[in-house]
Amino acid sequence: MAETVIDRRAFLAGAVGLCMGCAFNRGAPYDDYFRSLNADLRATAPGTPILAIDLNRLDHNLDLLRAAVGPRKIYRIVVKSLPSIDLLRYAMRHTQTRHLMAFHQPSLNAIANELPGSDVLLGKPLPASAARTFYEKCGAQTTFEPERQIQWLLDSATRAEEYRAVATALGVRMRVAIELDIGDHRGHVQTHDQLRAILRRIESNPSCFELGGFMGYDAYAAGLPPGLRTRILRDSTDRYQGFIDVTRREFPALYRPNLTRNGAGSKTIALYENDKVLNDLAAGSAAVMPTDFDVDTLSDHLPAAFIAAPILKHRKGVDIPILPILGSWMEFTNPNRRNSYFLYGGNWKANYHSPKGLFPNPIYGRSSNSEMVNGSDRVSLTTDDYVFLRPTQSESVLLQFGDLWAFRQGTPTLRWPVIRG
């Protein structure tokens, strides 16, 4: 009995704490941007949650990425962060690149069929069976040439053997890149001896393999203080250069000056302006700016992707099942709990963005079907208005809403299917 009493008291104490947690009024109506967007969606959207892409902001972000890469390096667009053929085509045209980084087997087949002029580097080593599946699905109708336009990623001598078996069985020659550990310790090639073991297999199987280059990832450095970050990135590129030097000295038949030397990522791409080691920089999320990428190196970028969810129901106050007095207490102690809005959908990897001052109810709980959010009287929403959220990431959230809604104010909205698989 005592244990039950303690549990109840702990629950009530926590509930009161949550009620009091943000007791000043944080609410505000739409600003002009979202007021206009809400009016457009009320008139044209299907009445379901959508993922909207602002093309003006996308253009701005893509211009910044292209400028960060500079004229002497390749800009490579990360497919998982912009998972739509139409979105990729748009970004490729705007940044004048044909280079992509792909992470999923279905994306590879979609690219081969729809973007046959692209150059693709794998962003992670796939199982050999995924490579086999790609070749089996790659139809003769495409002009895409895998031997010339894909670099499969090798991270061990074992995987090299597995890929050699696929190449032998299918009668194909695979262009491969080697995944280097330059500091993130994800299990890539960490030592020069491990590199040599892979290079020997490439060298001894010229009918199966061609060395295309290298890939190293540095995202671990993004959250460091600027001074330490600079030193860590310098150490990373020195380590990268060491792997290249081993290849050049000991495997001259495989080495070429124009081998791919890929690195960076959205959070670090702007830090390679003076780098002399890498020639190929990858980024994707910085084009649409989910909240996980609100970092100092991307401070000039603008949010360009929003979840827009219509309001199904609005009621004054907060009703908590079984404990109505708790809802009354929440309203009394916190002006941000004076209204309840029930959305179409919810519980996404996203943060509430507009109008300001909307919060999921901590006692009522989250819902993927119809989430309750609370707001103050300043929010001024009604049924069928849209609530706007910023995704925390792009790579999975953009896939959850069907076609992307690409809009530019004053022009018709485009519908861009996402890559499924």
**Request:** Tell me, yes or no, whether region 376-385 has at least one residue that is in a strand (DSSP E or B) and under 22 Å from residue 48 (Cα atoms).
**Result:** no
**Message:** I'm trying to understand the selection: among the residues of region 242-274, which are polar (S, T, N, Q) and surrounded by 16 or more Cβ atoms within 10 Å (Cβ to Cβ)?
**Reply:** 247, 260, 262, 266, 268
**Request:** Please enumerate the residues belonging to region 401-415 that are under 11 Å from residue 51 (Cβ atoms) and of a type in the set (A, V, I, L, M).
**Result:** 404, 406
**Request:** Scan region 71-108 residue by residue and report those that are in contact (Cβ under 8 Å) with a residue 60 or more places away in the chain and assigned to a helix (DSSP H, G or I).
**Result:** 79, 80, 81, 85, 86, 87, 90, 91, 105, 106, 107
**Item:** Residue among 408, 337 that is among the charged types (D, E, K, R), buried (at least 22 other Cβ atoms within 10 Å of the Cβ) and in contact with a helix residue (DSSP H, G or I) (Cβ under 8 Å, 6 or more places away or on another chain)
**Value:** 337
**Request:** Being of a type in the set (A, V, I, L, M), touching a Phe, Trp or Tyr at 6+ places or on another chain (Cβ under 7 Å) and within 22 Å of residue 102 (Cα to Cα) is the filter; apply it to region 363-405 and report the residue that is surrounded by the fewest Cβ atoms within 10 Å (Cβ to Cβ).
**Result:** 397
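Can you list the helices (runs of 4 or more DSSP H) lying wholly within region 140-234 that have 2 or more residues being touching a residue at least 40 places away in the same chain (Cβ under 8 Å), surrounded by 14 or more Cβ atoms within 10 Å (Cβ to Cβ) and aliphatic (A, V, I, L, M)? Outline the logic, then answer.
Values: elements: 146-149, 157-170, 192-204.
Where helices (runs of 4 or more DSSP H) fall fully within region 140-234 and carry at least 2 residues being touching a residue at least 40 places away in the same chain (Cβ under 8 Å), surrounded by 14 or more Cβ atoms within 10 Å (Cβ to Cβ) and aliphatic (A, V, I, L, M), they are 157-170, 192-204.
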**Fill in**
For residue 111, the lone unmet condition from (1) outside any strand (DSSP E or B); (2) buried (at least 19 other Cβ atoms within 10 Å of the Cβ); (3) assigned by TED's automatic domain parsing to the domain that holds residue 211 is (3)
**Item:** residue 65 vs. criteria assigned to a helix (DSSP H, G or I) and within 26 Å of residue 356 (Cβ to Cβ)
**Value:** no
**Message:** Suppose we filter region 290-334 for residues that are surrounded by fewer than 21 Cβ atoms within 10 Å (Cβ to Cβ), farther than 16 Å from residue 363 by Cβ, of a type outside the set (S, T, N, Q) and touching a residue at least 40 places away in the same chain (Cβ under 8 Å); how many remain?
**Reply:** 10
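The values are calculated or read from the model by the stated rules, or taken from the named source; none is laboratory data. Note that the coordinates shown come from a computational prediction; the quantities given were computed from them, not determined experimentally. Heads up, the Cβs are rebuilt from the backbone with ideal geometry, glycines too, and the neighbour counts pull from every protein chain shown.
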